[in-house]
1. Can you name every residue in the stretch 54-84 that is of a type outside the set (Lys, Arg), surrounded by fewer than 11 Cβ atoms within 10 Å (Cβ to Cβ) and at negative phi?
2. For the stretch 40-52, which positions are assigned to a loop (DSSP other than H, G, I, E, B) and loosely packed, with under 10 Cβ neighbours inside 10 Å?
3. Of the numbered conditions (1) in contact (Cβ under 8 Å) with a residue 24 or more places away in the chain; (2) surrounded by 10 or more Cβ atoms within 10 Å (Cβ to Cβ), Pro31 fails exactly one; give the number of that condition.
4. May I ask you to list the residues in the stretch 64-79 that are within 21 Å of Ala34 (Cβ to Cβ) and among the basic types (Lys, Arg)?
5. Hey, among the residues in the stretch 15-39 that are of a type in the set (Gly, Ala, Ser) and in a loop (DSSP other than H, G, I, E, B), which one's nearest to Ser73 (Cα to Cα)?
6. If you go through the stretch 59-76 one residue at a time, how many are within 18 Å of the chain's Cα centre (by Cα) and in a helix (DSSP H, G or I)?
Amino acid sequence: MADYSEPEPAPAPEPVPEAKPPPKKKRESTPMTAGQKKALTKHMEKHKKEGMSQKEMKSHRMKMMVRMRKGMSVAAAHKDIKQV
């Protein structure tokens with residue numbers, strides 16, 4: 001005997017994955033010049049003599065380096081840190 005059942009429905013099409021945007025390029029770091037390094041060392045010595053703790057000095061130095069790599073002078077970088 002013939003079996004007259006309903007035909008199976010067609011499978012749903014698979015969703016097409018959305019195209020991902022290209023990954024962002026990392027910003028290339030700009031090394032500090034020898035003059036900037038000397039100026040920063042002199043600046044940090046001044047703070048050391050004033051009694052800044054090691055932890056504070058490391059934090060301050062890192063903040064200064066970030067700004068100086070962007071092209072700020074020691075004075076401008078220090079002023080910018082004090083505003084924040």
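Since every read-out is calculated from the coordinates, none of them should be taken as a lab result. Just so you know, these numbers come straight off a predicted model, no measurement behind them. All Cβ positions, even for glycine, are placed from backbone atoms using ideal geometry, and neighbour counts span all protein chains on display.
1. Passing the criteria: Gln54, Met62, Ala75, Gln83, Val84.
2. Narrowing the stretch 40-52 to residues assigned to a loop (DSSP other than H, G, I, E, B): 50-52.
Residues satisfying the conditions are Glu50, Gly51.
3. (2)
4. Hits for the stretch 64-79 are Arg67, Arg69, Lys70.
5. Residues of the stretch 15-39 of a type in the set (Gly, Ala, Ser): 19, 29, 34-35, 39.
Narrowing further to those that are in a loop (DSSP other than H, G, I, E, B): 19, 29.
Working: Ala19: 44, Ser29: 17 Å.
Looking at residues that are of a type in the set (Gly, Ala, Ser) and in a loop (DSSP other than H, G, I, E, B), I get Ser29.
6. Total satisfying the criteria: 11.
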